[in-house]
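Below is one structure, written out as structure tokens; the observations come after it.
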Amino acid sequence: MKTRICILLLAVTVGLSSCQSSRQAPAPPGPGPTSGGTGAPPAPNPNPAPPNPPPPTPLALKIPPPAPSPGATGTSPPLAAAIPDQPAIALNVPASPPARPYRAILKLKQEGLSDEFILKKVRTDNVNYQLTTPEILELRAAGISETILEAMLRSGQPASR
């Protein structure tokens, strides 16, 4: 029994001495100032902490929560349900053709206004009609005179000297 006690004491002694020897020594002082106050002031941090972000702004849309269904167990709807439907955007759809100004002259002729009135309107409005061949044929078929057609072709052009 004496040997067991001796072995036990020896193991405890070895264990204690190994714990003390495994302790780490304090870290050596860094390149910063010493506590004596004789060193230079510390350099500013090149990576300062970022400023606090601004608080999030509330959403402009106020969407009331949907009424719970009769069999619901109190779970909240998925987040996608809170987003309102967006209007569909048609892709690859050609834009409607711009209104052609010659149609106004055609309408005046169909309403029975005189050639003098139509000619005066073409000259005072000074619109560049950019008439195409089919449009000229349409105007001739409607009874527009050659004088008005020539005025329409010259209209919107810079004055020649």
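Under a point spin-label approximation (7 Å from Cα along Cα-to-Cβ), what is the Arg4-Lys107 distance to one decimal in nm?
Going from the Arg4 label point to the Lys107 one covers 11.8 nm.
For segment 102-154, go through all pairs of different Cα atoms, get the mean of 1/r, take its inverse, and jot down that Kirkwood value in Å.
10.8 Å
Which of the peptides 115-121, 104-110 is most tightly packed, and how do the rest follow, going by the mean number of other Cβ atoms within 10 Å of each residue? Numbers along the way, then the final one.
On the way: 115-121: 14.1, 104-110: 16.3.
So the order, starting with the most tightly packed, is 104-110, 115-121.
Which order, highest average first, do 144-150, 7-13 follow once you tally other Cβ atoms within 10 Å for each residue and take the mean per peptide? Write out the running numbers ahead of the final one.
Numbers: 144-150: 15.4, 7-13: 10.0.
The peptides rank, most packed first, as 144-150, 7-13.
Taken together, the values in this text are just the output of simple stated rules run on the coordinates, not laboratory data. Quantities reported herein were computed from a predicted structural model and do not represent experimental measurements. Cβ: placed from backbone, ideal geometry, glycine included. Neighbour counts: every protein chain shown.
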